[in-house]
Structure formats: C-alpha cells, structure tokens
Amino acid sequence: MTSPENKLRVLILCTGNSARSQMAEGLLRHIGGARYEVFSAGTKPVGVNPVAIEAMREVGIDISAQRSKSVAEFAGQKFATVITVCDNAAEECPIFPGAPQRAHWSLPDPAAVTGIQEEKLGVFRKVRDELERRILSFVNSGVSGAHS
C-alpha cells in the first residue's frame, strides 16, 4: 500500500524492537529516502538498545529519537511490505490487510551477545552491515516486496 504521498509503507518487525528492526528502520529511511514511509515494531518491545544507537551513529544515522513500539500499534494498517528480521517475529507476525508482500531476513540478535562493550559493538556492526546490504538490494530491486 502507498500512503497519500505515494510513499511505499514498510513495517519491519522483530521480537524486542530494540536492535535489528530499529537499525533497519533507520537504514531504510536513510537509503530509501522519500520513496518509503518506514516503521518498526516488536512482538514484545523492550526499548531501543544503546549499542544499536552507537553502531548507527558510526555510519552517520541517528536513531536515538526512535522508540520501541508494539506491533499492536499497527493493527489494521496497510503496508506494501512487512519485513521480519528474526525468526520469532516471523512466526508470530500478525496478518495485515491488503495482502502485503512479506520478506524474512533471519539475522542473529546482537542484543543477546555478552562480553565487553567492544565485543558487543562488533556484533552490532556486523548485523548493521548485513541489514544495509539487504536494504540496498531491496531498494534497488525496484519492487515493493523484494525478498532476499
């Protein structure tokens, strides 16, 4: 579905809406620009992870003002594409009206990593870079429901 401004509406889901989906939201908004209206949510939102904010800041994208949201906030809304970035969210993803395209990108949860700050940041960087690769492919495919 497109918004009144003809933007493609995209919803990115994960469980906690703290890291992967937050980084993906920031990346798609940055890379896709005016073509997309981007949202992220979680099946069990827990707040934006500060290490995700730091990893994104390193590439010049500020997600510090984003907030963790429940998928319930988007019930009944229409989206051109729903992207799940973790297996739990893919299994628990609700049905959205209008039969949106669905894509599933199974990515490890960087927030689950333990260790010193630099080790954690390293994992967040890897996930961020993989999200960037997939989002570039998604945007460059020219179709709203690209799968990769």
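A short reminder: the numbers here are calculations on the coordinates, not readings from a lab. Here the structure is a predicted model, which means the values were calculated and not measured. Reconstructed Cβ throughout: ideal geometry from the backbone, glycine too, with neighbour counts over all protein chains shown.
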> Points 7 angstrom from Cα along the Cβ direction at residue 34 and residue 78: gap in nanometres?
Replying inline: 2.3
>> For the chain, what does the helix formula give at 222 nm: sum of -39500 (n - 2.57) over DSSP H segments with n ≥ 4, over the residue count, nearest 500 deg cm²/dmol?
In response: -11000 deg cm²/dmol
>> Can you give me the distance in nm between label points at residue 57 and residue 118, each placed 7 Å from the Cα along the Cα-to-Cβ direction?
In response: 1.8
